[in-house]
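The values are calculated or read from the model by the stated rules, or taken from the named source; none is laboratory data. Since the model is a prediction, treat every value here as computed from it, not as a measurement. Using ideal geometry, Cβ is built from the backbone for each residue, glycine included, and neighbour counts are taken over all protein chains shown.
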Amino acid sequence: MDFDPEAIRAFEHERWERAAPVFATSFATATSQFVEALLDAAKVGPGTHVLDVACGAGVAAAEAAERGAVSTGVDFSAAMLAQARNAHPTIEFIYGDAEALPCANEAFDAVVANFGIHHIPHPHRALKEAWRVVRRGGRIALSFWAEPRTNIAWKLVFDAVGRRGDMAASDAPPPGGGFGSVRQILDALCDAGFTMLCAQLERRSWHHRDAGSLIAALRAGTARMAALIDAQAPRALAEITADIEANAMQWRTADGLALPIAAVIASGVKH
């Protein structure tokens, strides 16, 4: 399939609209664990005017506000924005496209995006927009999932689908300009005009009762991973779940599974 930005946008929009009602209790239990490190990298504190791009349910914007920052969130999913406004009524959440932000030049001290930029058809355009809306001396910080070998939750799923299911079954369009390495992320930030670039690996644990709970959370609260899971035949999905369970035994605790997850926090400064 050829790269089709409008097909990507439509796919991502439909999937996040669908995920919005249950995102906070499903996939956000993983993504929210990296918000503190993300805000630290952007040096968000009291009085910081911060824009949370692809804000989803507003978790990063809300945590920034708890630090005393002046938060604004922007997202292209009306359903996600409804969740964000309902949960955080004192924060401004606006509808907009990350590739064409509805914000004035140099309006913010910091721009953050928690696992959002790689879902955008043209992430380089989004980074240029981030550069435009952040003031001189301001910062950007982005989070991305680390490669599967350091991100055991994803590796377990992908390996199981490869053994028991069909990795090509998903009807999701090819991604846009997602970043395959830390070097690519930093190069993209440099191309957008940011300097003093930095990347750090952050490790956490994502807790689930069992493999079925992991599959349910990914199916309910993600886009591409959900499409891959949805595309598996029922019998194959049962075998995939059993495969994950068998191969996750070393991470089993008295309370269930404590699966290692890892993310890269990339940051830079606008001079």
For this session: Kindly check whether there is at least one residue in region 75-82 that is crowded, with 19+ Cβ neighbours inside 10 Å, of a type in the set (Asp, Glu) and touching a Leu at 6+ places or on another chain (Cβ under 6 Å).
Result: yes
Problem set entry | Looking only at region 214-255, and only at residues there that are in a loop (DSSP other than H, G, I, E, B) and of a type in the set (S, T, N, Q), the one that is farthest from Trp154 (Cα to Cα) | Gln232
For this session: Could you tell me whether region 126-143 includes any residue that is modelled with pLDDT under 95, among the hydroxyl-bearing types (Ser, Thr, Tyr) and outside any loop (DSSP other than H, G, I, E, B)?
Result: no
For this session: Quickly run through region 185-229 and pick out the residues that are in contact with a helix residue (DSSP H, G or I) (Cβ under 7 Å, 6 or more places away or on another chain) and acidic (Asp, Glu).
Result: Asp191, Glu202, Asp210
Problem set entry | Lone qualifier among Glu66, Glu12 - being surrounded by fewer than 22 Cβ atoms within 10 Å (Cβ to Cβ) and either out of contact with any Lys or Arg (no Cβ under 6 Å at 6 or more places or on another chain) or acidic (Asp, Glu) (or both) | Glu66
Seminar exercise, completed: Restricting attention to region 168-218, the residues that are of a type in the set (D, E, K, R) and within 24 Å of Gln250 (Cβ to Cβ) number exactly 5
Problem set entry | Among the residues listed as Ala113, Ala104, the single one being under 16 Å from the mean Cα position of the chain (by Cα) and either in a strand (DSSP E or B) or small (Gly, Ala, Ser) (or both) | Ala113
Exercise. How about region 238-260: which of its residues are β-branched (Val, Ile, Thr) and surrounded by 16 or more Cβ atoms within 10 Å (Cβ to Cβ)?
Worked result: Ile240, Thr241, Ile244
Problem set entry | Verdict on Ile215 being more than 17 Å from Glu99 (Cα to Cα) and surrounded by 16 or more Cβ atoms within 10 Å (Cβ to Cβ) | yes
Problem set entry | Residues of region 170-211 that turn out to be in a loop (DSSP other than H, G, I, E, B), of a type in the set (A, V, I, L, M) and modelled with pLDDT of 95 or more, as a count | 0
Seminar exercise, completed: The residue that is surrounded by the fewest Cβ atoms within 10 Å (Cβ to Cβ), considering only those in region 137-152 that are out of contact with any strand residue (DSSP E or B) (no Cβ under 6 Å at 6 or more places or on another chain) and not small (Gly, Ala, Ser), is Arg149
For this session: Any chance you could count how many residues in region 97-116 are closer than 16 Å to Val50 by Cα and crowded, with 17+ Cβ neighbours inside 10 Å?
Result: 11
Exercise. Among the residues of region 170-182, is any of a type in the set (Val, Ile, Thr), out of contact with any Lys or Arg (no Cβ under 9 Å at 6 or more places or on another chain) and within 30 Å of Ala107 (Cβ to Cβ)?
Worked result: yes
